[in-house]
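The values are calculated or read from the model by the stated rules, or taken from the named source; none is laboratory data. Source: prediction; values computed, not measured. Here the Cβ is made from the backbone with ideal geometry for all residues, glycine too, and neighbour counts use every protein chain on show. Just so you know, the surface numbers come from the protein's heavy atoms only, side chains and all, with ligands and any DNA or RNA stripped out. Shrake-Rupley method; radii C 1.70, N 1.55, O 1.52, S 1.80 Å.
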Amino acid sequence: MSRNLVTCGFTTFNSERTIKRALSSVLEQDYKNIEILIVDDNSSDSTIDEIYSFFRKKDINYRLIKHSKNLGVAQARNSLIKNAKGEFLAFFDSDDISYTNRISKQVSCIHEFEIKEQKKEKSNIYSPLCYCDREIFFDNKNKIYCKAMYLDLNDFNFKDNIIGALLFSKPFPKNSESGSTATCMLCARIKTLKLLNGFNPILRRYEDLDLTIRAIMQKIPLCKINKPLVRQYYTNFAYKQNEYIYERKLIYIHRNWLKKKKLYNFAFYFVKFKKSVLDINFKKSVYYFVLLIFINPYIFFRKIISSFNTLFFTVKLKVIKNRIKK
């Protein structure tokens, strides 16, 4: 393993229209100690041909791993973790571009965090997961600024509150900040990702949030850069359906923790309430509103207040998607 080598890891699936643009952004990075690793999750279009075409006239080493069947994005990212030769792994999606200073900024952020913690008497032995903000572009008229999640280390004293917040059952702590944990915004040491056993292959959505939850459970810190280093372009594949199904799966995966804290029913019905609101189903919204108040009014109202920014972001996202479809 080369010191400070960063594996730029791409996962692709039917990405023929966007993969060249994404790969170009890696070649433009100001951080040059990189390797390029691509895992294709059994594309049925010309993605592989586009990759070969992109590198054909370039004197650049890269590795391409092809899955023999579609295993889902979590398993594709696990293939990146397993085969990466770098000390760090920066995740890239096939429909994004990363700004030229993304890798240098995130690697520096990780180093600075580690040095700062090492100077403390009770330093954290784990290297952090480092996120950055991103911009989502839908067309020339519509874009959304997406903040990454921020976790104040002092809030680790309230670790259960943070986990509960991410599992739809607690308000977010005051010092920390809710936000996205999308993998396209993530850079981390390989050893940290392996410590977490990678991504859960059961999840084809919310596998990134599940990784964050498990990191916090193990007191692995999160750090972030308060500026957009990734630009994501909307495609038909960018926002898959079935959010509700995978939210329920995420709750079920962590059911033992939730039941131990007596939060399972609240989390289950809060997800139903959120779906009813987003579907503009007044009858069901009122039903779950009353039910959640009955279960725990204090947590419910604090959860609504702390989730306002996230709910607003979700509603805005849905409005733009519906507008584009029309």
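In whole Hz and in residue order, list the ³J(HN,Hα) couplings for the range 293-299 that follow from phi through the Karplus curve 6.51 cos²θ - 1.76 cosθ + 1.60, θ = phi - 60°; x for Gly and Pro.
5, 5, 5, 6, x, 4, 5
Go through 191/275; 105/194; 66/105; 32/66; 174/284 and tell me which ones have a Cα-Cα distance over 28 Å in this structure.
Those over the limit are 191/275; 66/105; 174/284.
Sort 252-265, 171-184, 204-217 by packing, meaning the average of other beta carbons within 10 Å per residue, with the highest value first.
204-217, 171-184, 252-265
May I ask you to derive the FRET efficiency for residue 63 and residue 305 from their Cβ-Cβ distance with R0 = 45 Å, giving the value to the nearest 0.05?
My answer for the efficiency is 0.40.
Report the one residue of 129, 277, 203 whose Cα lies farthest in the direction of the positive end of the charge dipole of the chain (charges on C-beta: Lys and Arg +1, Asp and Glu -1; origin at the Cα centre).
277
Taking Cα atoms of the range 39-197, Rg/Rh with Kirkwood Rh, to two decimals?
Rounded to two decimals, Rg over Rh is 1.00.
How large is the accessible surface per residue of the range 133-220, computed with a 1.4 Å probe and reported in Å² as a whole number?
Per-residue accessible area for the range 133-220 comes out at 40 Å².
Using a/c under 1.5 as the rounded threshold, could you call the chain rounded, prolate or oblate? The axes a ≥ b ≥ c are square roots of the C-alpha gyration tensor eigenvalues, and prolate needs a/b larger than b/c, oblate otherwise.
Note, shape of the chain comes out oblate.
Using each residue's phi in the range 60-75, evaluate 6.51 cos²θ - 1.76 cosθ + 1.60 at θ = phi - 60° and report the 3J(HN,Hα) Karplus result to the nearest Hz, with x for Gly and Pro.
Whole-Hz 3J(HN,Hα) from phi for the range 60-75: 9, 7, 8, 10, 10, 10, 10, 6, 6, 8, 6, 10, x, 5, 4, 5.
Taking the Cα atoms only, what angle lies between the long axis of helix 264-278 and the longest principal axis of the chain, rounded to 10 degrees?
80
As a test of the formula, what do you get for the chain when each DSSP H run with n ≥ 4 contributes -39,500 (n - 2.57) and the sum is divided by the residue count, at 222 nm and rounded to the nearest 500 deg cm²/dmol?
The helix-only estimate for the chain comes to -13500 deg cm²/dmol at 222 nm.
Going through the range 1-42, which trypsin sites (Lys or Arg not before Pro) have at most 16 other Cβ atoms within 10 Å and a DSSP loop state?
Loop-located and lightly packed - 3, 32.
Given contacts defined as C-alpha pairs under 8 Å and at least six residues apart, what's the relative contact order of the chain, whole-number percent?
19
Order of 284-292, 69-77 by packing, highest average Cβ count within 10 Å first?
Output ranking for 284-292, 69-77: 69-77, 284-292.
Keeping the other protein chains in place, figure out the carbon and sulfur percent of the accessible area of the chain, with a 1.4 Å probe.
Of all accessible area on the chain, carbon and sulfur atoms account for 52 percent.
If you take the charge dipole of the chain about its Cα centre, with +1 on Lys and Arg Cβ and -1 on Asp and Glu Cβ, which of 151, 99, 257 is farthest toward its positive end?
The Cα lying farthest towards the positive end belongs to 257.
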